[in-house]
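The values are calculated or read from the model by the stated rules, or taken from the named source; none is laboratory data. Every value quoted in this text rests on a predicted model; they were computed, and no experiment measured them. Glycine gets a Cβ as well: all are built from the backbone with ideal geometry, and neighbour counts include every protein chain shown. Surface accessibility is based on the protein's heavy atoms, side chains included, excluding ligands, DNA and RNA. Shrake-Rupley method; radii C 1.70, N 1.55, O 1.52, S 1.80 Å.
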Amino acid sequence: MTSVAAAVTAATQTHGFLSPTGVEIAFLLVGLVTFGAAIVTVTTKQLVHAALWLVVALGGLAVEYLLLTAEFIAWVQVLIYVGSVVVLLLFGLMLTRAPIGRSPDADSGNRWAALTVAVAAAAALVWVVVDAFRTTWVDLDGVPQGTTAVTGSILFQHWVLPFEALSVLLLAALVGAIVLSRRTARAQDTNTKAQDTNTKAREGNR
């Protein structure tokens with residue numbers, strides 16, 4: 001037993017930044033793929049392609065959670081974000097009759113302003129997370145933080161209001177998509193009727 005413990009201790013001491021494990025390498029590669037998918041999501045001019053690349057980015061986050069041994073959060077990521085939010089976005093695109101191909105309206109021309117806001121938001125998020133968890137220590141010998149019991153307890157004790165607010169936000173987005181689609185359909189019907197009336201008037205004058 002002493003020799004086994006010594007071997008484990010020696011392996012732990014030799015493991016460092018320059019000798020990553022297979023899980024760490026996989027985490028890095030999946031992170032690069034997720035980052036690339038996120039960049040393509042916000043830079044493509046095809047709305048449907050943006051939604052599909054968003055699926056890749058959110059799926060990559062789920063894989064990252066799995067590599068961090070947070071299985072419950074990974075499945076929540078797949079079921080809620082990949083299975084519900086992206087479907088809602090695609091449903092909204094279909095209801096608003098968004099163009100399938102390249103859309104010039106998808107680029108506002110204010111790329112530098114958008115980049116500045118994105119960098120500022122990312123810096124603020126990183127600062128908030130670092131400041132909030134600077135003195136927080138994870139008990140590796142205790143209950144895993146990604147289990148169903150721990151996550152459910154934290155969710156329904158401290159994050160009930162944001163969770164419900166997100167549900168209301170998604171419902172509002174769906175209702176807004178339906179309203180916009182009905183307005184577009186009515187406008188098209190009005191234009192069609194006006195064109196038919198003008199055509200009949202021209203034929204009558206002839």
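Brief remarks on what is shown
- Cα→Cβ-extended label distance, 7 Å offset, between Thr135 and Leu67, nm: 3.2
- Among 127-135, 81-89, the order from most to least packed when residues are scored by Cβ within 10 Å on average: 81-89, 127-135
- Along the range 123-137 the Karplus relation, 6.51 cos²θ - 1.76 cosθ + 1.60 evaluated at θ = phi - 60°, assigns HN-Hα couplings of 5, 5, 5, 4, 5, 5, 5, 5, 5, 6, 10, 5, 9, 9, 10 Hz to successive residues, with x for each Gly and Pro.
- Near the amide H of Leu68, within less than 5 Å, lie no amide hydrogens of residues on another chain or at least 5 residues away, with H placed in the peptide plane.
- To the nearest 10, the accessible area of Glu164 is 100 Å² with a 1.4 Å probe.
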